[in-house]
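Worksheet: the structure to be examined is printed underneath.
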Amino acid sequence: MTTSHQPLATSHLWAGLLACLALALVPLAAAKDSCMECHANMDGTLKAPVTDYANDIHARHGFSCADCHGGDRNADDPEAAMNPAKGFKGHVARTAVPALCARCHSDAALMHRFKPQQRVDQLALYLTSVHGKRLATGDTAVANCVDCHSVHNIREVKDPLSPVYPLKLPETCARCHADAAHMKPYKIATNQFAEYRTSVHWEALSKRGDLSAPNCASCHGNHGAAPPQVASVAEVCGTCHVLFEEMYNKSPHKPVFAAMGGGGCTICHSNHGIRHPDIGMLAGSGAVCAQCHEATSAGGAAAAQMAGLLTKLDTALTQSDAVLNRAHDSGMEVSEPILRQMDGRQAQVKALVAMHEFQVAAVAKPVNEGLAVAAETRRAGEKALQDRDSRRVGLALSLLTIVITMLGLWMAIRSLESKASAVPKPAGR
Ligand code: HEC
Ligand code: HEC
Ligand code: HEC
Ligand code: HEC
Ligand code: HEC
Ligand code: HEC
Ligand code: HEC
Ligand code: HEC
Ligand code: HEC
């Protein structure tokens, strides 16, 4: 056994040495770069790639023009350098771009030399997307790799200046999807970007820098037709809003909405222009429930009852907040009930999640928990205010005693003084 390993180890050693030698030779061979040299001295669109390339991730890894365009970088003569016989491809057709990029990006052995965890499925996924499928039929109006990543200044995806960085990506998609002329042949809406910019998600992303909020690609997938966790984009909400989905899956809506074509959450919340939900979604003139349920139906009655419960809890918590704040502002020690009040707010969050089962009983449970907390904290706040009042009465009483005592003293002194002045002055002065 041990002896049979011997030659193997030696051959590994040789292979290693050869690999080192090869790696050492590559930069030597690449040291000459006639493409760069000559193109740096041109102008306009022939020079631009060289200028842009300074920021490109491929430049940082030692790749150059010929690694994508082919040709001979050792030849100074343009004919020899840009020789199709040496694999030179000058103009890259839009339909040829994915294969060009994938020559390296689908090659696991090559990619993992540079970045061990790098995915190599971009092309495979891309071919499953609407973009990839249409490009395969020769439709060049769809996005290929360079429309999203740019070309000649391709940055790392986590670079904030990259066109696929979360804050930049919506604009990258909008270049086509908000362009009515570009999208005209397809007869699909061009309002996704405008709607998205009004959404809670864009607000969380752009105003609060919350990178866990979704951009276009979080819901639609980077390369594939949908993100890897879901079968269709319509189901994507549950990947982040896990508890809401759990409740929704138990609801009477799940089977009926699925029959209407999936997209459960989006029927009430929409997909691109999602707003902050409020009680107005349940009750009132703009209620979503009223779009399908008559007020007198079981669904309509449930909506009204749930709105009633949620409002009651919110009112109770707001009132005890006010009492606690008054007590706190007048210097009373109420930190404990203020802390306890958080359990009430927690119950409110639970109630909003539970509401997604669309059963009154499911909402009533956390609401009652919350109401008990609100009653308890309100009592504590009122007790503190009473204590404050009785302390004030005590203070007033002692102040009164002091004032009376001082008044007494003052009167005593006055009467002594007046007695003294009544004594006749000695005569002869
Ligand atoms: C001595 C100058 C010179 C060298 C060396 C050179 N080029 Fe060019 N290149 C040009 C000129 C001039 C043009 C535009 C005229 C033309 O189309 O031939 C051009 C055009 C191009 C184009 C645009 C597409 C096309 O075919 O018109 C690409 C891409 C390109 N070169 C890549 C390369 C690459 C890759 C290398 C190195 C292997 C290289 N060039 C070497 C001068 C040069
Ligand atoms: C990572 C791969 C890659 C590298 C590296 C690269 N290019 Fe390109 N280049 C492309 C692709 C892809 C296109 C086609 C872009 C498009 O469709 O808009 C292109 C287009 C061009 C064009 C326009 C060709 C035309 O259609 O007329 C020129 C010129 C060019 N490249 C020159 C260069 C030069 C010079 C370098 C080196 C500084 C370079 N490229 C490095 C991928 C690359
Ligand atoms: C519709 C836009 C779009 C197209 C088309 C596209 N990408 Fe991407 N790509 C992205 C987004 C978005 C990311 C992820 C950015 C992030 O993680 O924040 C990404 C990430 C990557 C990464 C980093 C590793 C990874 O998979 O996350 C590579 C490499 C990459 N793309 C290469 C390609 C190649 C090659 C093609 C063409 C076959 C391509 N992309 C087509 C949008 C696109
Ligand atoms: C000659 C091989 C090669 C070609 C061709 C190539 N790439 Fe790359 N690319 C790499 C290597 C190596 C890296 C660096 C390792 C890494 O960061 O993934 C890289 C990095 C990237 C990254 C950054 C990935 C990250 O994790 O941030 C993107 C995006 C990318 N390439 C897109 C493209 C696109 C788009 C094309 C086609 C226009 C292309 N590449 C063509 C080899 C290549
Ligand atoms: C270069 C232009 C271009 C860019 C950039 C682009 N797209 Fe597209 N996209 C298209 C075209 C054209 C279609 C085909 C429309 C169709 O078939 O209905 C399409 C189709 C789609 C579809 C399928 C629509 C349907 O009919 O169901 C989705 C989803 C989509 N794109 C999302 C995105 C996202 C997300 C981004 C950014 C990460 C993006 N696209 C970037 C041009 C583009
Ligand atoms: C919160 C998730 C989410 C985000 C973020 C999102 N989308 Fe969508 N998008 C959807 C859903 C869900 C659909 C409907 C898909 C279905 O029913 O199959 C959709 C549909 C689409 C369609 C098909 C046409 C249409 O309007 O129905 C396009 C194109 C599209 N989105 C592009 C975008 C672009 C561009 C962005 C970023 C500006 C974006 N989406 C952001 C979830 C999202
Ligand atoms: C990639 C994760 C992710 C996906 C996918 C996602 N969301 Fe969100 N969502 C968030 C984050 C993060 C917030 C902001 C959280 C906050 O405001 O506390 C948010 C906020 C919301 C809000 C507002 C909550 C509030 O308190 O005002 C609603 C409603 C919402 N999302 C619904 C949806 C729907 C419907 C979908 C599917 C079409 C969806 N989300 C897809 C992460 C996601
Ligand atoms: C039948 C309509 C309907 C469906 C379907 C629905 N929701 Fe809601 N959702 C509501 C209503 C109504 C509210 C607001 C209740 C309130 O604020 O009083 C709400 C509130 C929310 C909130 C905000 C909770 C908070 O803390 O303010 C989120 C997040 C949310 N829904 C996510 C989802 C997700 C994810 C799905 C799918 C799994 C979904 N919703 C399905 C009606 C719906
Ligand atoms: C897109 C239409 C639609 C919307 C919007 C909608 N529902 Fe429904 N709902 C249905 C359908 C269809 C059923 C199943 C058939 C039925 O029982 O009426 C149902 C069933 C119910 C049930 C069970 C009724 C029973 O008979 O047991 C309740 C409760 C309910 N919905 C509450 C709500 C509430 C609350 C809202 C608003 C947050 C709402 N629904 C929004 C269509 C809708």
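Quick look at the values:
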{"read-out": "Failed item, numbered, when Gly238 is tested on (1) under 27 Å from Asp147 (Cα atoms); (2) at pLDDT below 95; (3) within 17 Å of the chain's Cα centre (by Cα)", "value": "(1)"}
{"read-out": "Hey, Gln122 away from ligand 6 (no atom under 16 Å from the Cβ) and either in the same structural domain as His223 (by TED's automatic domain parsing) or loosely packed, with under 12 Cβ neighbours inside 10 Å (or both) or not", "value": "no"}
{"read-out": "Helices (runs of 4 or more DSSP H) completely within the range 197-255 that count 3 or more residues being surrounded by fewer than 16 Cβ atoms within 10 Å (Cβ to Cβ)", "value": "200-206, 242-249"}
{"read-out": "Pro366, sole failed condition from (1) more than 22 Å from Val242 (Cα to Cα); (2) within 14 Å of ligand 8 (Cβ to nearest atom)", "value": "(1)"}
{"read-out": "Candidate set from the range 289-330 (those that are outside any helix (DSSP H, G or I) and either more than 9 Å from ligand 9 (Cβ to nearest atom) or in contact with a Lys or Arg (Cβ under 7 Å, 6 or more places away or on another chain) (or both)); member that is nearest to Thr377 (Cα to Cα)", "value": "Ser330"}
{"read-out": "Residue satisfying all of: in the range 256-266; assigned to a loop (DSSP other than H, G, I, E, B) and more than 26 Å from the chain's Cα centre (by Cα); farthest from ligand 2 (Cβ to nearest atom) among these", "value": "Met260"}
{"read-out": "Scan of the range 218-242 for residues that are of a type outside the set (Gly, Ala, Ser) and within 16 Å of ligand 9 (Cβ to nearest atom), ordered by number", "value": "Cys237, His241"}
{"read-out": "Check on Arg388, in the same structural domain as Ala302 (by TED's automatic domain parsing), touching a residue at least 24 places away in the same chain (Cβ under 8 Å) and not hydrophobic (A, V, I, L, M, F, W, C)", "value": "yes"}
{"read-out": "Output for the range 267-299, where each listed residue is polar (S, T, N, Q) and surrounded by fewer than 17 Cβ atoms within 10 Å (Cβ to Cβ)", "value": "Ser270, Ser285, Gln291, Thr296, Ser297"}
{"read-out": "Among (1) buried (at least 18 other Cβ atoms within 10 Å of the Cβ); (2) without any contact (Cβ under 8 Å) to a residue 40 or more places away in the chain - the single one Cys173 does not satisfy", "value": "(2)"}
{"read-out": "Single residue of Gly284, Gly273 found to be modelled with pLDDT under 95, of a type outside the set (S, T, N, Q) and part of a loop (DSSP other than H, G, I, E, B)", "value": "Gly284"}
{"read-out": "Given (1) assigned by TED's automatic domain parsing to the domain that holds Ala217; (2) in contact (Cβ under 8 Å) with a residue 40 or more places away in the chain, index of the condition Gly138 fails", "value": "(1)"}
{"read-out": "Subset of the range 85-103 that is near ligand 2 (Cβ under 8 Å from one of its atoms) and assigned to a loop (DSSP other than H, G, I, E, B) - its residue that is surrounded by the most Cβ atoms within 10 Å (Cβ to Cβ)", "value": "Val92"}
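Yes/no per residue for (1) surrounded by 13 or more Cβ atoms within 10 Å (Cβ to Cβ); (2) in a loop (DSSP other than H, G, I, E, B); (3) away from ligand 8 (no atom under 16 Å from the Cβ):
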| residue | (1), (2), (3) |
| --- | --- |
| Met332 | yes, yes, yes |
| Glu336 | no, no, yes |
| Gln346 | yes, no, no |
| Leu352 | yes, no, no |
| Met355 | yes, no, no |
| Ala374 | yes, no, yes |
| Gln386 | no, no, yes |
| Asp389 | no, no, yes |
| Val393 | no, no, yes |
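The values are calculated or read from the model by the stated rules, or taken from the named source; none is laboratory data. These numbers come from a predicted model, not from an experiment. Positions of Cβ are backbone-derived with ideal geometry, glycine not excepted, and every protein chain shown enters the neighbour counts.
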